[in-house]
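Enquirer: To start, I am sharing the structure in question, which I have written as structure tokens.
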Amino acid sequence: MRKIISVLMENQPGALSRVVGLFSQRGFNIESLTASPIDDTGSLTRLNLTTDVSDDAVREQIEKQLHKLIDVIKVAHISETDHLEKEVLLLKLKVTKSTRLDLKQIIDIFNGKVLDISQSQYVVELTGNSKKIDEFITVIKEITEVYETARSGVIGMTKGDKAFRV
């Protein structure tokens, strides 16, 4: 089962590679990874990792080892809580006269946005959970050719009064 782990860390050279190395050394795959500064100074970074570690004892061990890394300030397993998760998709696809209307209807149904239009291509943006994005891609591929795909990776945040901060 997919797990989302958030890591609050100092924005230092090598910090990200130490976190990734921890997973690599144990033979665990990181399905998606996002990292971005969370304050105006750029001194803190929030890392969102999506992994398929299904054994809770192993996941807890990884979290404990993450805490031991010098740049790590806080670790949270947010997929165990009531949370929100989103991903952004950019998709470049083939458009013809015969597919243009169908594609536009599907994009609208999924609440997507056409960012760029040319005679033969659209660039589409879609935001949602991974399941919604996967379903969108599947439907689009039934109608036309997909030239290029870029996905942001999963970001997540707990709902309610709890905040993930220092």
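Enquirer: Let me spell it out: the conditions are (1) in contact (Cβ under 8 Å) with a residue 60 or more places away in the chain; (2) more than 30 Å from Tyr147 (Cα to Cα); (3) in contact with an Asp or Glu (Cβ under 6 Å, 6 or more places away or on another chain), and Ile78 meets all of them except one. Which number is the exception?
Expert: The failed condition is (3).
Enquirer: Here's a follow-up. Does the stretch 52-66 hold any residues that are in contact (Cβ under 8 Å) with a residue 40 or more places away in the chain and surrounded by fewer than 12 Cβ atoms within 10 Å (Cβ to Cβ), and which are they?
Expert: Across the stretch 52-66, the qualifying residues are Asp52, Ser54.
Enquirer: Please tell me if Leu44 is at pLDDT 90 or above, within 24 Å of Arg151 (Cα to Cα) and either exposed (fewer than 15 other Cβ atoms within 10 Å of the Cβ) or in contact with a helix residue (DSSP H, G or I) (Cβ under 9 Å, 6 or more places away or on another chain) (or both).
Expert: no
Enquirer: Another question about this same structure. Residues that are more than 19 Å from the chain's Cα centre (by Cα) and not hydrophobic (A, V, I, L, M, F, W, C): find the strands (runs of 3 or more DSSP E) completely inside the stretch 82-166 holding 1 or more of those.
Expert: 83-94, 113-117, 121-128, 146-151
Enquirer: Now for a different question. What residue, among those in the stretch 14-42 that are of a type in the set (A, V, I, L, M) and not in a helix (DSSP H, G or I), is farthest from the chain's Cα centre (by Cα)?
Expert: Within the stretch 14-42, the match that is farthest from the chain's Cα centre (by Cα) is Ile38.
Every residue, every condition in (1) of a type outside the set (Phe, Trp, Tyr); (2) surrounded by fewer than 16 Cβ atoms within 10 Å (Cβ to Cβ); (3) under 30 Å from Ile38 (Cβ atoms), yes or no:
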residue: Lys74; (1), (2), (3): yes, yes, yes
residue: Ser118; (1), (2), (3): yes, yes, no
residue: Gly128; (1), (2), (3): yes, no, yes
residue: Thr144; (1), (2), (3): yes, no, no
residue: Asp161; (1), (2), (3): yes, yes, yes
residue: Phe164; (1), (2), (3): no, no, yes
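Enquirer: Applying the selection to the stretch 45-61, what residues are more than 17 Å from Ala35 (Cβ to Cβ) and of a type in the set (Val, Ile, Thr)?
Expert: Val53, Val58
Enquirer: Any residue in the stretch 11-24 that is surrounded by fewer than 16 Cβ atoms within 10 Å (Cβ to Cβ) and closer than 18 Å to Leu84 by Cβ?
Expert: no
Enquirer: Of everything in the stretch 43-77, what is closer than 19 Å to Phe28 by Cβ and either part of a strand (DSSP E or B) or outside the structural domain of Val7 (by the TED database) (or both)? Give them in sequence order.
Expert: Result: Leu47, Asn48, Leu49, Thr50, Thr51, Val72, Val75, Ala76, His77.
The values are calculated or read from the model by the stated rules, or taken from the named source; none is laboratory data. Small disclaimer: the values here were computed from a predicted structure and weren't measured. As a convention, Cβ positions derive from the backbone with ideal geometry for all residues, glycine included, and neighbour counts pool all protein chains shown.
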